[in-house]
């Protein structure tokens, strides 16, 4: 986190008082913690008025990307002298000045509300004080320094108790018992010539100075007036005269010493030398002087009220501060009984040890982290009224909720009772209509979109409230059809196509609506994704497709798949093929039913095909008719209407799953992946993302005229060899565990959220080609080959065609022809490398010049190899500002405090960091590439796979 402290208190007299002492110790303890946080200090210039402070604050927050701002003293204007208070009384900060930055505040007390007749004496003063109360109420977390402060803040100010965290105060280690030494020099400097009772109050009526004077002058004669009362505090000349006159009236001014301001070193000695420390305050938010006195071994007399009783426990003589006789009796008892003083002193030292600043800092940091958890609004196509509904967000949400406060916005088809999230208290399920009124409350919005109707409800929000988009399918043409054509909005459909195809939109429109070109061959993405702040896909194929269409800031990582216990299948009478069918249909799905008929004819009567998928009525009728024509309808079961839990049970009970869609929409191969998680082998079309599934867990159906024969052979082979299925099941589950873990997915998604927060100046995904252009978009003819409508071809289409051709060549195992774009590995050595020795070892500053890459290449993968010793923790930090090897010799470049990568070496002594996302960013934004800081001595090498 980037944490800022309001330092106005340091510019006023408060710095010399309890607030200054408390704030200084807290800040120092926070900074000394072993945490990956950066700290900043804000000094408001109130002399120029509230508008300037507002502007100054907003600039400070934005420039330093502050996550949390801590107001150390909310009533800072009251630290000013009266004439300055009048001048700057309108400069109180307001919560809306902070925007989305979290705000914390330290609340010392609400004393003016306890004694309003003393402190809130005018309407003007009351108004300014209540502005401070409203500011406190608006903060995200309130740190009360005692239970008393919390209780009175709730009772008198109406502050929400759930926002208040009691953190107490700590003890400056400077305050401790000292060895007996000659203190005559110190005493003489302050005019002390007798044993003394020490008091560190002040002129505030609440400190009860007059009653203490009365009590002391009543007690002192019992001891031959052998003691002095030492008032160690800063006072005005007028107050000093008043105190001296009061002492003279009571029995002798020579028995009173008013020291004025005392520095800490002297104060420690005064505590150590005191016979008694007296502090009969009428009210304290904490009572730090009492704690300091106990720590120094001084016997303590204090009040039986407010936080003072809380702080001292049984380690002090408690008195009624409003009763002079009781205060005097307490003094007499302590001065007359050395054994009582000794016992209280010993008890006090032990009591004081309970209060340490590191404990306070830990509680404060816990408070910071509790309110700085990212708050996410999530939209996902989760429809519990449909079978086989898959959602990466729904799957990963239980883990995401560990890292962020998550609100899932759903459409009207969602039934929480039927959801896997039912009863999950960590996630709020809300209807999407409530989002607009709370949109600004979130740190990030995450949309998961696919081609199903369940995605329609989020499209308007994706445009108006840009966020991270998880694209389950990289071609969203079917979604466009549902959103426009099926709603009789041809004009909107044209606008959707125009985003991708510009001046060729009319030709594409005729091709799709007139000639019936398959929509999977006419990619549509830009209209829905161009305002995304980042895009997440689940396959390298989908990533390549979007990059070829011009998108940037695209991340690919394996779809999250739960790893359930495998079902026991041996010994069952039926052998079940689970066929994943689509409404569009293709010959391969029909081929599976014809293969079933072939197996039945061959005597395999225990074979069944169970059909899953969101089928429209026409497609279901087609499949039922085909099963009837093949006389296989008794062995074909339709499971498209099952609820989600029944669907998952059915997939797990299958022996083999078939997902034969080709061509695809660049979709996540989730049916095959879920089957593999259960240990079910998959028969898949050798296309797009399905090519990325492991050979050892799948049967591949190559494209071409003999595809039906390949389906038949695969089904027979899967049916006939139980050992092969068992081996494939083991490989399938290993693959899911290694590449599709739910927790790694959630962690990487949170990395994207944090990365966007750190790069807020780039608000949307960059598309590298113009919104409209002359030329032809990519589409295919009836034979499935990429075609051209005229001689002009768009840059984006050419890139997409090249990517598709390279992918097809790689799948076929053939080498590229001369001039083809092929993957290549470029090794970059540092263009700047500086190592410096420090007390804890060497550190390295390094950068790489991405301009050395061949022009026009697409970065597929970037790996930074960091040599290190065995069992070393390696962290990588970004460097904030420009530097050179020469400047680094004079002064070290300044890194960000929080690392962007951390890992531990193993036997090999090298760490490999997949920094693809960062390198892509730096390729398009060279100005942000100031290099890396690695707090070990190393010689890193960057390897980049390019296309």
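The values are calculated or read from the model by the stated rules, or taken from the named source; none is laboratory data. Because the structure is predicted, anything quoted here is derived from the model rather than measured. Here the Cβ positions follow ideal geometry from the backbone for every residue, glycine too, while neighbour counts run over all protein chains shown.
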Matching residues in the stretch 155-185 - criterion: being surrounded by fewer than 16 Cβ atoms within 10 Å (Cβ to Cβ) and assigned to a helix (DSSP H, G or I): 155, 156, 161, 162, 184, 185
Index of the failed condition, residue 498 passing every other in (1) in contact (Cβ under 8 Å) with a residue 60 or more places away in the chain; (2) over 26 Å from the mean Cα position of the chain (by Cα); (3) closer than 22 Å to residue 558 by Cα: (3)
Scope the stretch 281-290; condition within 38 Å of the chain's Cα centre (by Cα) and either part of a helix (DSSP H, G or I) or not assigned by TED's automatic domain parsing to the domain that holds residue 231 (or both); matching residues: 288
Tally, over the stretch 922-946, of residues that are in contact with a helix residue (DSSP H, G or I) (Cβ under 7 Å, 6 or more places away or on another chain) and surrounded by 16 or more Cβ atoms within 10 Å (Cβ to Cβ): 4
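When the stretch 218-250 is examined, which residues are found to be surrounded by 19 or more Cβ atoms within 10 Å (Cβ to Cβ) and out of contact with any strand residue (DSSP E or B) (no Cβ under 7 Å at 6 or more places or on another chain)? Break it down stepwise before answering.
Quick first cut of the stretch 218-250, residues surrounded by 19 or more Cβ atoms within 10 Å (Cβ to Cβ) only: 219-220, 227-233, 235, 243, 247.
Residues satisfying the conditions are 219, 220, 233.
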Got a number for residues in the stretch 836-864 being touching a residue at least 24 places away in the same chain (Cβ under 8 Å), assigned to a loop (DSSP other than H, G, I, E, B) and either surrounded by 13 or more Cβ atoms within 10 Å (Cβ to Cβ) or touching a strand residue (DSSP E or B) at 6+ places or on another chain (Cβ under 6 Å) (or both)? 4
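Do we find a residue being within 29 Å of residue 291 (Cβ to Cβ), under 26 Å from the mean Cα position of the chain (by Cα) and modelled with pLDDT of 95 or more anywhere in the stretch 125-135?
Initial filter on the stretch 125-135 (within 29 Å of residue 291 (Cβ to Cβ)): 129, 132-133, 135.
Checking the rest, the ones that are also under 26 Å from the mean Cα position of the chain (by Cα) come to 135.
From what's left, modelled with pLDDT of 95 or more: none.
Within the stretch 125-135 (the criterion being within 29 Å of residue 291 (Cβ to Cβ), under 26 Å from the mean Cα position of the chain (by Cα) and modelled with pLDDT of 95 or more), the answer is no, since none of the residues qualifies.
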Sole miss for residue 833 among (1) in contact (Cβ under 8 Å) with a residue 60 or more places away in the chain; (2) in a strand (DSSP E or B); (3) surrounded by fewer than 17 Cβ atoms within 10 Å (Cβ to Cβ) is condition (3)
Would you confirm whether any residue within the stretch 188-197 is modelled with pLDDT of 90 or more, loosely packed, with under 14 Cβ neighbours inside 10 Å, under 23 Å from residue 301 (Cα atoms) and in the same structural domain as residue 317 (by TED's automatic domain parsing)? yes
Does the stretch 297-336 hold any residues that are crowded, with 24+ Cβ neighbours inside 10 Å, assigned to a helix (DSSP H, G or I) and touching a residue at least 60 places away in the same chain (Cβ under 8 Å), and which are they? 306, 307, 311, 327, 331
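Conditions tested, residue by residue: (1) within 12 Å of residue 209 (Cα to Cα); (2) free of Cβ contacts under 8 Å to residues at least 60 places away in the same chain; (3) in a helix (DSSP H, G or I).
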site: 229; (1), (2), (3): yes, yes, no
site: 245; (1), (2), (3): no, yes, yes
site: 257; (1), (2), (3): no, no, no
site: 268; (1), (2), (3): no, no, yes
Those residues of the stretch 703-719 that are modelled with pLDDT under 90 and either in contact with a helix residue (DSSP H, G or I) (Cβ under 7 Å, 6 or more places away or on another chain) or crowded, with 24+ Cβ neighbours inside 10 Å (or both) come to a total of 2
Scan the stretch 280-296 and tell me whether some residue there is free of Cβ contacts under 8 Å to residues at least 60 places away in the same chain, at negative phi and surrounded by 18 or more Cβ atoms within 10 Å (Cβ to Cβ). yes
If residue 728 satisfies every condition in (1) farther than 22 Å from residue 574 by Cβ; (2) touching a residue at least 40 places away in the same chain (Cβ under 8 Å) but one, which is the exception? (1)
From the list 613, 558, 550, pick out the single residue that is at positive phi, surrounded by 19 or more Cβ atoms within 10 Å (Cβ to Cβ) and in contact with a helix residue (DSSP H, G or I) (Cβ under 7 Å, 6 or more places away or on another chain). 550
